[in-house]
Amino acid sequence: MSAAGEQLGGRAILDPALAPPFPVAALAVLRDPQLRKNVAHAIDVIQGKRARLVAEKPDWQALRAAASWIKDEALRNLGLYLEEFEARCTAAGGVVHWAADAAEARRIILDLLREEKASEVIKIKTMTSAEIQLNPFLEAAGIGVYETDLAEIILQLGEGEPSHIVVPALHVNRSQVREIFARRMGIRDLPDDPQALTAAARQYLRGKFLRVPTAISGANFLIAETGSVAVVESEGNGRMCLTLPRTLITLAGIEKVLPRFQDLEVMLQVLARSATGERMNPYTSLWSGVTAGDGPERFHVVLLDNGRTGILARERERQTLRCIRCAACMNACPVYRQTGGHAYGSVYPGPIGAILTPQLEQLRHSQSLPYASSLCGACFEVCPVKINIPEVLIDLRAQVTDRQRRRAGRFFDPLYLGLRAANLIFARAWLFHGAQWMGRMGLRLFTRKDGWIHALPGVGGKWTETRDLRGLPQQTFHEWWAARKTGTEGTREQGNKRAEAK
Amino acid sequence: MRASLFITCYNDTLFPETGRAVVTLLERLGVELEFHPRQTCCGQMHANTGFRGEAFSLAKRLIRMYGDAEAVVIPSSSCVAMMRDQYRGLVEELGDERLRRELDALLPRVYELSEFLIDRLGVEDVGAYFPHRVTYHASCHGLRALNLGDRPLRLLAKVRGLELAPLKNLDRCCGFGGTFAVKNGEVSSAMLTAKLADVLATGSEYCTALDNSCLMHLGGAMHRQFAGMKTIHMAEILASTTPMEALG
């Protein structure tokens with residue numbers, strides 16, 4: 001187990017089918033001050049840069065509106081644009097494959113690798129491959145898989161899991177990186193300064209780049225108009241991965257398609273600023289099919305659905321597919337700030353993960369994720385494609401509740417029963433007033449001499465674990481109002497007169 | 001000027017002093033207040049926990065109840081946000097066309113307290129006196145759903161004797177989030193701890209806000225930790241005209 005893994009009390013589980021519920025998974029991180037410090041420090045740096053660069057764009061809100069409009073238009077005509085992409089990409093010498101789910105995508109990729117007689121493969125910028133759990137599948141089939149993004153190398157060598165979608169090793173600090181590199185690369189006396197660590201990674205990578213003739217990449221955008229694929233990155237390792245091998249396989253979710261080449265003008269501006277707080281990302285690779293004598297000779301695109309058309313079919317949730325994976329939402333999220341990414345039990349953490357994962361899983365798993373938010377709205381405020389994440393969270397909560405209504409276990413859930421009862425009570429004022437009286441009587445048992453409640457049983461105990469609760473006042477507001485109306489009508493007259501006199 | 005006070009269920013039950021302060025404040029400004037005796041809850045807790053049908057029944061009740069009101073004043077940003085952001089979706093999904101029209105007619109007359117004072121009454125100086133060091137916590141709903149902007153700060157700036165202490169990370173949530181505070185109690189508490197550190201660092205006597213829900217959260221932790229600070233709804237500051245008893 002790696003240092004980072006030890007910090008988490010074992011390797012984090014990012015499989016929604018196996019991951020514990022969010023509140024449980026969060027506990028390990030909440031009890032780890034170093035990890036929380038790493039996370040808060042890293043996102044403070046990115047957020048600060050982002051805020052400065054967004055502030056320098058007077059047309060930022062117009063850019064957001066344009067970006068969200070472009071994605072909406074693409075999604076409304078998704079079938080059309082995907083077929084256009086397929087036609088153009090094929091005409092340019094690429095081969096397009098369609099995968100309905102994770103298993104099909106894995107099989108297509110394995111078949112392609114077998115055709116190539118590949119025993120090794122290098123990878124870059126593909127979160128989608130983690131979504132379909134490609135690495136363990138390929139390794140089980142006897143294929144050596146090497147990540148080439150610096151953060152992904154750290155995680156692969158350290159047997160850790162990504163905790164952020166732009167900075168996957170955000171939770172690992174420099175001395176932990178040094179330890180992983182020294183151990184796995186067999187370098188004794190490796191210092192922990194960034195230059196030495198980068199040099200070690202470069203040494204490790206060059207060998208792979210020059211030896212392995214097959215690569216798998218993700219895609220930031222697919223362009224329907226030209227059949228092109230775009231990958232943006234900071235390190236240049238992606239550029240190596242995309243140009244050196246003989247065969248390149250790109251795995252992309254179907255929502256990645258943009259109608260026109262010109263749409264990149266808007267998307268690249270909002271993506272770089274939102275993701276890393278840069279005006280422009282250092283490397284933007286764009287290619288269409290294959291070009292003789294330049295780059296890969298064989299190029300495949302695997303278009304992955306894996307639950308996306310189900311999201312597309314729902315009007316309010318459809319906006320989820322606008323996501324361009326910039327991570328601005330998790331950087332802004334006060335929940336993510338405390339828990340980091342692993343608690344979300346999915347390769348997609350943070351607010352976007354809280355809405356995307358349950359939908360990709362069709363709510364069979366990850367039912368706790370829609371509740372992993374205080375609905376503060378910071379994510380919506382920063383989202384460059386204007387995904388109203390709180391709105392979708394609330395909608396998913398309604399879907400979870402609707403499922404719960406059909407289960408007998410609901411009668412043992414105090415929150416469920418409490419909310420149902422509250423609804424009946426709030427429907428009639430006399431019942432509400434009766435419940436207030438009963439609450440006052442009941443809570444009096446727990447109220448101390450200072451007028452405060454320090455401990456409550458049951459669900460209330462979740463509150464009093466860390467917070468006190470003031471005991472209920474002797475008189476509700478409506479009782480005060482009624483008494484005042486009958487007894488002290490003069491008060492209001494006086495008040496009015498005083499205001500008039502002024 | 002007549003206005004109907006929707007006090008909200010938790011203010012009625014837990015924070016009647018806020019309601020009394022709203023009455024004192026608005027009557028001092030010449031507003032004739034009404035109080036609908038059958039009012040209960042806006043349905044926010046149900047909607048945000050996923051009980052859409054239950055939230056709808058409460059929304060319908062409230063829309064009908066305030067159909068005739070000249071203006072509705074609500075001393076809670078999150079309840080106003082519930083009406084503005086969620087009622088339409090609920091009514092469109094579950095309601096009828098008539099209810100939607102009633103909602104459209106009602107919403108322009110619904111005000112959060114600071115909106116009512118500044119936008120409707122046109123006052124910033126409400127004649128308040130509160131000689132204390134105070135920090136203002138911007139609740140998420142007031143900040144992002146209602147876009148209250150600097151309204152609360154403009155009101156506080158005109159309070160005589162009040163020394164306003166700026167709060168770091170003003171836009172960060174305190175971690176309350178309704179049922180989130182119990183469903184994700186540990187995460188909520190971690191957020192609260194971070195927020196409280198910023199609040200206490202202001203060295204204020206009071207932390208104020210336009211939502212008693214955030215204040216109940218912050219105040220509960222202050223009390224637990226024997227912190228030398230109290231919470232107070234802004235209505236009570238604006239209603240105050242005489243020096244309060246020391247931290248009374």
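The values are calculated or read from the model by the stated rules, or taken from the named source; none is laboratory data. What you see is a predicted model; the values in this text were computed from it and never measured. Here the Cβ positions follow ideal geometry from the backbone for every residue, glycine too, while neighbour counts run over all protein chains shown.
Out of the residues in segment A:176-201 that are charged (D, E, K, R) and under 20 Å from residue A:148 (Cβ atoms), state the one that is surrounded by the most Cβ atoms within 10 Å (Cβ to Cβ).
So the residue we want is A:178.
When you scan segment B:215-229, how many residues do you find that are within 10 Å of chain A (Cβ to nearest Cβ) and touching a Ser or Thr at 6+ places or on another chain (Cβ under 6 Å)?
Of the residues in that region, 2 qualify.
Just give me the residues in segment B:147-178 being in contact with a Phe, Trp or Tyr (Cβ under 8 Å, 6 or more places away or on another chain), not in a strand (DSSP E or B) and not aliphatic (A, V, I, L, M), in sequence order.
Once the filter is applied, which keeps residues that are in contact with a Phe, Trp or Tyr (Cβ under 8 Å, 6 or more places away or on another chain), not in a strand (DSSP E or B) and not aliphatic (A, V, I, L, M), segment B:147-178 yields B:152, B:161.
Would you check which residues across segment A:415-426 are in contact with a Lys or Arg (Cβ under 9 Å, 6 or more places away or on another chain) and either at pLDDT 95 or above or polar (S, T, N, Q) (or both) and list them? Break it down stepwise before answering.
Residues of segment A:415-426 in contact with a Lys or Arg (Cβ under 9 Å, 6 or more places away or on another chain): A:415-417, A:420, A:426.
Selection gives A:426 alone.
Within segment A:312-327, track down each residue that is in a helix (DSSP H, G or I) and either within 14 Å of another protein chain (Cβ to nearest Cβ) or in contact with a strand residue (DSSP E or B) (Cβ under 9 Å, 6 or more places away or on another chain) (or both).
Of everything in segment A:312-327, those that are in a helix (DSSP H, G or I) and either within 14 Å of another protein chain (Cβ to nearest Cβ) or in contact with a strand residue (DSSP E or B) (Cβ under 9 Å, 6 or more places away or on another chain) (or both) turn out to be A:319, A:321.
Could you run through segment A:348-374 and say how many residues are of a type in the set (S, T, N, Q), more than 23 Å from residue A:129 (Cβ to Cβ) and buried (at least 24 other Cβ atoms within 10 Å of the Cβ)?
Here is the first cut: in segment A:348-374, the residues of a type in the set (S, T, N, Q) are A:357, A:359, A:362, A:366-368, A:373-374.
Right, trim to more than 23 Å from residue A:129 (Cβ to Cβ) and you get A:367-368, A:373-374.
So of that shortlist, the ones also buried (at least 24 other Cβ atoms within 10 Å of the Cβ) come out as A:373-374.
Matching residues across segment A:348-374 total 2.
Take residue B:95 and decide whether it is surrounded by fewer than 21 Cβ atoms within 10 Å (Cβ to Cβ), touching a residue at least 24 places away in the same chain (Cβ under 8 Å) and not assigned by TED's automatic domain parsing to the domain that holds residue B:234.
Yes.
Name the single residue that is surrounded by the fewest Cβ atoms within 10 Å (Cβ to Cβ) among those in segment A:417-453 being within 9 Å of another protein chain (Cβ to nearest Cβ) and in a loop (DSSP other than H, G, I, E, B).
Here the answer is A:450.
Where the second residue is among the small types (Gly, Ala, Ser) and the first is closer than 22 Å to residue B:92 by Cα and lies in segment A:392-417, which pairs have Cβ atoms under 6 Å and are six or more apart or on separate chains?
What qualifies is A:393/A:373; A:397/B:50; A:398/B:50; A:400/B:50; A:401/B:50.
Check residue B:39 against each of (1) of a type outside the set (A, V, I, L, M, F, W, C); (2) assigned to a loop (DSSP other than H, G, I, E, B); (3) more than 10 Å from chain A (Cβ to nearest Cβ) and name the one condition it does not meet.
(3)
Of all residues in segment A:337-366, count the ones that are within 14 Å of chain B (Cβ to nearest Cβ) and at negative phi.
Qualifying residue count for the region: 12.
Would you be able to tell me the number of residues in segment B:9-40 that are under 14 Å from the mean Cα position of the chain (by Cα) and crowded, with 20+ Cβ neighbours inside 10 Å?
The total comes to 10.
Criterion first (more than 29 Å from residue B:139 (Cα to Cα), at pLDDT 95 or above, outside the structural domain of residue A:66 (by TED's automatic domain parsing) and not hydrophobic (A, V, I, L, M, F, W, C)) does residue A:434 satisfy it? Full working, then the answer.
Working: more than 29 Å from residue B:139 (Cα to Cα): yes; at pLDDT 95 or above: yes; outside the structural domain of residue A:66 (by TED's automatic domain parsing): yes; not hydrophobic (A, V, I, L, M, F, W, C): yes.
For residue A:434, the condition - more than 29 Å from residue B:139 (Cα to Cα), at pLDDT 95 or above, outside the structural domain of residue A:66 (by TED's automatic domain parsing) and not hydrophobic (A, V, I, L, M, F, W, C) - is met.
Any idea how many residues of segment B:42-57 are more than 7 Å from chain A (Cβ to nearest Cβ), part of a loop (DSSP other than H, G, I, E, B) and over 19 Å from the mean Cα position of the chain (by Cα)?
So the count comes out to 0.
Output the number of the condition that residue A:456 fails; it satisfies all remaining conditions of (1) surrounded by 15 or more Cβ atoms within 10 Å (Cβ to Cβ); (2) closer than 25 Å to residue B:33 by Cα; (3) not small (Gly, Ala, Ser).
The number of the failed condition is (2).
List, please: which pairs have Cβ atoms under 6 Å, are six or more places apart or on different chains, and start with a residue in segment A:332-349 that is more than 19 Å from residue A:366 (Cα to Cα) and end with one that is part of a loop (DSSP other than H, G, I, E, B)?
Within 6 Å, the pairs are A:334/B:172; A:334/B:173.
Please go through (1) under 23 Å from residue A:235 (Cβ atoms); (2) touching an Asp or Glu at 6+ places or on another chain (Cβ under 9 Å) for residue A:298 and return the number of the only condition it doesn't satisfy.
The single condition residue A:298 does not satisfy is (1).
Since residue B:76 meets every condition but one in (1) of a type in the set (Ser, Thr, Tyr); (2) surrounded by fewer than 23 Cβ atoms within 10 Å (Cβ to Cβ); (3) touching a Ser or Thr at 6+ places or on another chain (Cβ under 9 Å), which condition does it not meet?
(2)
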